[in-house]
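One structure below.
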Amino acid sequence: MLGFGLDSLIELTSASTILWLYTGSRAGSEAAERRAQQLIAMCFAGLALYLAFDAIDTLAGGTRPDVSWLGVAVTAGAIVFMPLLAGAKGRVARQLSSAAAAGDAAQSWLCAITAAAVLTSIVANAALGWWWLDPIAGLGIAGLAVREGRQAWAGEVCGDCAPIGRQSAEGCGTNGCC
């Protein structure tokens with residue numbers, strides 16, 4: 001649940017980077033676009049580091065989380081709304097031809113994936129006592145964040161790209177991105 005909260009904070013930082021990119025005289029600047037891509041990539045890296053550290057610490061310590069029904073409600077809401085937000089951000093990224101904005105859209109997709117993993121692990125822990133599912137899912141999401149961060153750093157994301165195979169094949173290049 002803490003990782004999901006951190007993901008939300010990181011997504012806010014990513015969205016703020018896009019606001020920075022398109023304010024003032026930076027709009028259309030290749031240097032500003034590149035800087036924004038790098039900042040968004042660093043957001044992915046920060047999330048990956050936190051999730052990996054927390055997962056390893058939780059697994060090594062055998063820490064068993066409490067069930068949070070408020071957490072269930074928040075994550076269920078994110079599962080509904082984050083894909084809608086990611087899709088809208090992806091359309092804007094395509095219209096702007098901005099890899100940085102596409103990276104921000106990928107942040108929203110990752111938030112939706114994180115919410116689904118958190119909800120699944122909360123329910124599995126409450127029903128089956130599977131306390132270990134959350135840190136295992138966290139490691140998987142950390143891996144996705146590394147992949148997305150590398151693509152964001154390289155500018156290899158587009159509005160059609162999303163984590164774990166949600167890419168649209170239409171109009172995308174050989175690496176799955178426009």
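Take the conditions open to solvent by less than 60 Å² (accessible area, probe 1.4 Å) and touching a residue at least 60 places away in the same chain (Cβ under 8 Å) and apply them to Ile56. Does it pass? Break it down into steps so the answer makes sense when it comes.
Numbers: open to solvent by less than 60 Å² (accessible area, probe 1.4 Å): no; touching a residue at least 60 places away in the same chain (Cβ under 8 Å): yes.
So Ile56 does not fit the description; no.
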Name the residue that is surrounded by the most Cβ atoms within 10 Å (Cβ to Cβ), counting only residues in segment 128-158 that are β-branched (Val, Ile, Thr) and part of a helix (DSSP H, G or I). Ile141
Which one of these does Ala78 not meet: (1) open to solvent by less than 30 Å² (accessible area, probe 1.4 Å); (2) in contact with a Cys (Cβ under 8 Å, 6 or more places away or on another chain); (3) under 22 Å from Arg150 (Cα atoms); (4) small (Gly, Ala, Ser)? (3)
Is it true that Ala88 is in contact (Cβ under 8 Å) with a residue 40 or more places away in the chain and closer than 22 Å to Glu156 by Cβ? no
Residues satisfying the stated conditions in segment 1-25, i.e. open to solvent by 70 Å² or more (accessible area, probe 1.4 Å) and modelled with pLDDT under 80: Met1, Leu2
Kindly indicate whether Ala45 is part of a helix (DSSP H, G or I), open to solvent by less than 30 Å² (accessible area, probe 1.4 Å) and in contact (Cβ under 8 Å) with a residue 24 or more places away in the chain. no
I'm checking my understanding of the structure. Among residues of segment 81-127 that are open to solvent by 10 Å² or more (accessible area, probe 1.4 Å) and among the polar types (S, T, N, Q), which one is farthest from the chain's Cα centre (by Cα)? Asn125
Go through the residues of segment 60-71 one by one and say whether even a single one is surrounded by 13 or more Cβ atoms within 10 Å (Cβ to Cβ) and either in contact with a strand residue (DSSP E or B) (Cβ under 6 Å, 6 or more places away or on another chain) or among the hydrophobic types (A, V, I, L, M, F, W, C) (or both). no
Going through segment 37-77 one residue at a time, which ones are over 16 Å from Val118 (Cβ atoms) and over 16 Å from the mean Cα position of the chain (by Cα)? Phe53, Ile56, Asp57, Leu59, Ala60, Gly61, Gly62
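The values are calculated or read from the model by the stated rules, or taken from the named source; none is laboratory data. It should be emphasised that the depicted structure is a prediction, and the values quoted were computed from it without experimental measurement. Using ideal geometry, Cβ is built from the backbone for each residue, glycine included, and neighbour counts are taken over all protein chains shown. The area values use the complete protein model at the heavy-atom level, side chains included, leaving out ligands, DNA and RNA. Shrake-Rupley method; radii C 1.70, N 1.55, O 1.52, S 1.80 Å.
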